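Each remark here refers to the structure printed beneath this line.
The values are calculated or read from the model by the stated rules, or taken from the named source; none is laboratory data. Keep in mind the model is a prediction, meaning the values are calculated, not measured. Neighbour counts run over all protein chains shown; Cβ positions are idealised from the backbone, glycine included. Ligands, DNA and RNA are excluded from the accessible area calculation, which covers all protein heavy atoms including side chains. Shrake-Rupley method; radii C 1.70, N 1.55, O 1.52, S 1.80 Å.
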Amino acid sequence: MALFTLAAFTLPSSSVALGQDLKAILEASSKAMGIVGLTTIEYKGSGSSYNFGQAINVASPWRHLILKNYVADIDYSVPAMREEMYRTMPDGTPPFGGFLQVQFIRGSDAWNVLGDLPAASPAPATAMERKLQIWLTPAGFLKGAMASHSIGKRQGANTIVTFVTADQHKVEGTINAQKLVTKTETWIDNPVLGDMVIVTTFSNYASFSGVKSPTRILQTEGGYLVLDLEVSDVKPNGAAAIDVPANMRGVQLAPAMVKSEKIADGVWFLAGGTHHSVLAEFNDHVVVIEAPLDESRSNAVIAEVHRLAPGKPIKYLVNTHNHFDHLGGVRTFAAKGITIIAPSANVDYYHKVFLLPHTLNPDKLSLSSKHATIEGVPSKRVLTDGTQTVELYVVPLKGYNDAMIIAYLPKDKLLVEADAYVPGPLNAPPSAKPDPYFLPYTVDLYEKLQKLKLDVGPIAPLHGRMTSWDEMKKTIGMPLH
């Protein structure tokens, strides 16, 4: 990762650099906000959250969720944070009811607890951003700035302060004339958006037990809202203790692993993680369906493809839809000159985001001189060599995604689909319950397949285990015959 250096920062001519005065400004702001001696804090509130990278179409913001209850416990001395969110879909949109998620970070250990499940699950991939979020809070920003070699400048009545965290992330904040922190910014690498800015703004300050806290917090990532929080209560030095479960300590991000399973003649299910791909072999080339997550995952998929079909080049990479967890590894294929097939509605957007700078963590496409070659599918496209045939259909999933590619291999009656039907975790038994979040979209998919008159047998979902048409029908309560 390319590191920010303070020496590289330049101040615009309209700004006045601060020297020794900066320490006094930070101390005055800390005193005015009542955080001198503050070690922990608890925020409670409600509002809205938005699923980052999960837009219904490429022109819309991230999907909106109602944040019924929000609690954040932060310990600045460790640092550590516990973030509890109980969310529902707006206006009765599926899923019905709500769902609880609790996210933790302490030091370098990150983990989750979901719903009523008693067991924690490790989340090492989120550790960097969760730790960074601590320093984006008003108190965290001031504490981080005072503990670091900070630089400052005047911009009108505001003071702009910049420091670099221990993990080498640049954090910039604005202190207004009332000595209150009104905004923080940082930049992180994202597989799709590259050097992505995170902006948090704070307003409507009020006093809570001697501490001044914003009662309105807005955060954007990639230019779109991810959080709109109305703070109802703040408890200084009242946060719950955050201890790492023994089985979560020291869990590291495992290297990407691909577990391949032959599911038809010349067709493999490339699993081994939370997101999957499918390989279809043709006479003189192969086609890969889906490049999820990031470059690490795509590198592993590409290596497995070459092992399974040696000597046959990858001609096409089929991207099912625009959600970032399914788009994140596409750039790796583009860097190899492989043609990307995507819904026509997404092509212009993909060209635009693929040109965004990736200087924080340069990937293969940013280091190459190549431009992505992307071909759109308006409604249907057939890939065939007379022996192998893959039919691609673009279908909308109501309330979820406006342009989703499904793949159908008629010779084997095999359906490849993403997100609409999630039958359960990988290797789960057929009796395992499907993810209820996706059930309404499963019904929609079923209806679309009926209209297309596709004779489906096995189903290769791009989340979860292999399944079948009969199991999908049973899941949504349809008769098997």
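Quick notes on this structure:
- Backbone phi angles across the range 361-375, fed through the Karplus curve with coefficients 6.51, -1.76 and 1.60 (θ = phi - 60°), yield HN-Hα couplings of 8, x, 9, 5, 5, 5, 7, 8, 9, 7, 10, 5, 9, 10, 10 Hz in residue order; Gly and Pro are listed as x.
- Per residue, the convex hull volume that the Cα atoms of the range 172-222 enclose (Å³): 79
- Ranked packing of 79-89, 153-163, most packed first, by mean Cβ within 10 Å: 79-89, 153-163
- Cα convex hull volume per residue for the range 219-290 (Å³): 208
- Dividing the radius of gyration of the alpha carbons in the range 393-481 by their Kirkwood radius gives 0.92 for Rg/Rh.
- Whole-number accessible area per residue in Å² for the range 390-481, which is evaluated in the context of all protein chains at 1.4 Å: 42
- Alpha-carbon gyration tensor eigenvalues x 5, square-rooted, for the range 130-190, Å: 19, 11, 11
- The amide H of Ile374, built 1.01 Å from its N in the peptide plane, has Ile340 as neighbours under 5 Å, considering only residues 5 or more places off or on other chains.
- For the range 280-334, the solvent-accessible area of protein heavy atoms averages 28 Å² per residue (probe radius 1.4 Å; ligands and nucleic acids excluded).
- Listed residue pairs exceeding 29 Å between alpha carbons, taken from Lys312/Lys364; Lys352/Lys413; Lys68/Lys153; Lys68/Lys398: Lys352/Lys413; Lys68/Lys153
- For the range 227-293 and the range 150-207, distance of Cα centres in Å: 30
- Whole-percent carbon and sulfur share, accessible surface of the chain, 1.4 Å: 54
- Helical contribution to [θ] at 222 nm, DSSP H n ≥ 4, -39,500 (n - 2.57), averaged over the chain, rounded to 500: -5000 deg cm²/dmol
- Mean Cα-pair separation over length for the chain, i.e. relative contact order, pairs under 8 Å, 6 or more apart, %: 12
- Across all Cα atoms of the range 262-312, the radius of gyration (one decimal) and Dmax (whole number) stand at 10.4, 30 Å.
- Rg and Dmax of the range 207-353, both derived from C-alpha coordinates alone, stand at 22.1, 73 Å.
- In sequence order, the range 402-412 has phi-based couplings of 7, 8, 10, 8, 10, 10, 9, 10, x, 4, 10 Hz under the Karplus curve 6.51 cos²θ - 1.76 cosθ + 1.60, θ = phi - 60°, and Gly or Pro positions carry x.
- Computed over the chain, the ratio Rg/Rh where both radii use C-alpha atoms and Rh is Kirkwood: 1.01
- Amide H partners (placed H, <5 Å) of Lys413, local residues excluded: none
- The phi torsions of the range 436-448, fed into the Karplus equation with coefficients 6.51, -1.76 and 1.60 and a -60° offset, translate into couplings of x, 4, 8, 3, x, 6, 5, 4, 4, 4, 4, 5, 5 Hz, rounded to whole numbers, with Gly and Pro shown as x.
- Amide proton proximity set for Met466, modelled H, under 5 Å, gap of 5+: Asn427
- Solvent exposure of the range 226-278 amounts to 51 Å² per residue of accessible area, where only protein heavy atoms count and the probe is 1.4 Å.
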